[in-house]
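Working notes for the structure below.
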Amino acid sequence: MFFDVKLAKHVFGASKVAATASTAKLELLKRLGVDWIIDYTKENVEEIQEKFDVVYDTVGLKVVKEGGKVVSISKPAVGAIFYGLSSSGITLEKLEPYLENGKVKAVIDPKSLFSFANTMEAFAYLETSRATGKVVIYPIP
C-alpha cells in the first residue's frame with residue numbers, strides 16, 4: 001500500500017489520496033503525503049460519507065462512488081478490476097524516471113532486514129501482518 005500512495009500521486013496524478021491504516025502506522029502515512037488518513041481501528045471505513053473515484057482495495061471495501069473504479073488485490077467484488085502485479089521490463093521502464101528522481105520509492109520495514117539464514121523468521125514476521133512496508137531478506141555475503 002505504501003508504494004501505491006506514491007504511484008497514485010506522482011505517476012497517475014491523483015489530486016488527493018486517502019488511505020487507511022492502524023494507529024501505529026498513521027505517522028508513516030503522513031510522511032508519505034497521504035491527504036486523508038483514516039484510522040480503521042477507530043472508524044468504520046464503509047460508513048464514511050465521502051466516496052472515491054478509484055479505490056485500490058486490499059480487503060473488500062465498499063467506498064467507491066457510482067461510476068468509480070475498484071482495483072482489487074483480494075477476491076474482487078462484482079464489477080471490480082482484479083490487479084495482480086508482476087515485474088516486467090516494460091513496467092520497470094515506465095517506473096524508472098519516478099524511481100530515479102526519488103518521487104517513488106519502496107518503504108522498507110525497519111524490523112525486516114533478515115539474513116538468508118533467517119528466512120523462516122522473515123516469513124513468520126510476514127504472517128503477523130505487522131510489517132510496515134517491504135520485508136527484505138539479504139543474501140549470504
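For beta carbons closer than 8 Å, sequence separation of 6+ or different chains, a first residue in region 116-141 that is in contact (Cβ under 8 Å) with a residue 24 or more places away in the chain and within 20 Å of Ala106 (Cα to Cα) and a second that is basic (Lys, Arg) and surrounded by 12 or more Cβ atoms within 10 Å (Cβ to Cβ), the qualifying pairs are Thr132/Lys25. Scanning region 96-136 for residues that are in contact with a Phe, Trp or Tyr (Cβ under 8 Å, 6 or more places away or on another chain), in a loop (DSSP other than H, G, I, E, B) and of a type in the set (Ser, Thr, Tyr) yields one hit, Thr132.
Checking each residue in region 41-53 for being touching a strand residue (DSSP E or B) at 6+ places or on another chain (Cβ under 7 Å) and touching a residue at least 24 places away in the same chain (Cβ under 8 Å) picks out Val45, Phe52. Within region 1-33, count every residue that is closer than 13 Å to Lys103 by Cα and either open to solvent by less than 30 Å² (accessible area, probe 1.4 Å) or in a loop (DSSP other than H, G, I, E, B) (or both). Total meeting the criteria: 8.
Looking only at residues that are out of contact with any strand residue (DSSP E or B) (no Cβ under 8 Å at 6 or more places or on another chain) and open to solvent by less than 80 Å² (accessible area, probe 1.4 Å) in region 119-141, which one is farthest from Ala19 (Cα to Cα)?
First, the residues of region 119-141 that are out of contact with any strand residue (DSSP E or B) (no Cβ under 8 Å at 6 or more places or on another chain): 120, 123-124, 127-130, 139, 141.
From what is left, the residues that are open to solvent by less than 80 Å² (accessible area, probe 1.4 Å) are 124, 128.
On the way: Ala124: 26, Thr128: 21 Å.
Among them, the one singled out is Ala124.
Restrict the check to region 79-95 and report whether at least one residue is in contact with an Asp or Glu (Cβ under 9 Å, 6 or more places away or on another chain), modelled with pLDDT under 75 and either small (Gly, Ala, Ser) or open to solvent by less than 70 Å² (accessible area, probe 1.4 Å) (or both). Within region 79-95, one or more residues are in contact with an Asp or Glu (Cβ under 9 Å, 6 or more places away or on another chain), modelled with pLDDT under 75 and either small (Gly, Ala, Ser) or open to solvent by less than 70 Å² (accessible area, probe 1.4 Å) (or both). Filtering region 34-59 to residues that are open to solvent by less than 40 Å² (accessible area, probe 1.4 Å), over 13 Å from the mean Cα position of the chain (by Cα) and modelled with pLDDT of 85 or more leaves Ile38, Asp39. Taking residues in region 26-40 that are under 9 Å from Lys16 (Cα atoms), and partners anywhere that are open to solvent by less than 100 Å² (accessible area, probe 1.4 Å) and in a loop (DSSP other than H, G, I, E, B), the pairs with Cβ atoms closer than 6 Å and at least 6 places apart or on different chains are Val34/Val17; Asp35/Val17. Within region 96-136, the only residue that satisfies the criterion of being at pLDDT below 90, among the small types (Gly, Ala, Ser) and farther than 21 Å from Lys25 by Cα is Gly102.
The values are calculated or read from the model by the stated rules, or taken from the named source; none is laboratory data. Computed from a prediction, not measured in an experiment: that's the story for all the values here. We place every Cβ from the backbone using ideal geometry, glycine too, and count neighbours over all the protein chains shown. Ligands, DNA and RNA are excluded from the accessible area calculation, which covers all protein heavy atoms including side chains. Shrake-Rupley method; radii C 1.70, N 1.55, O 1.52, S 1.80 Å.
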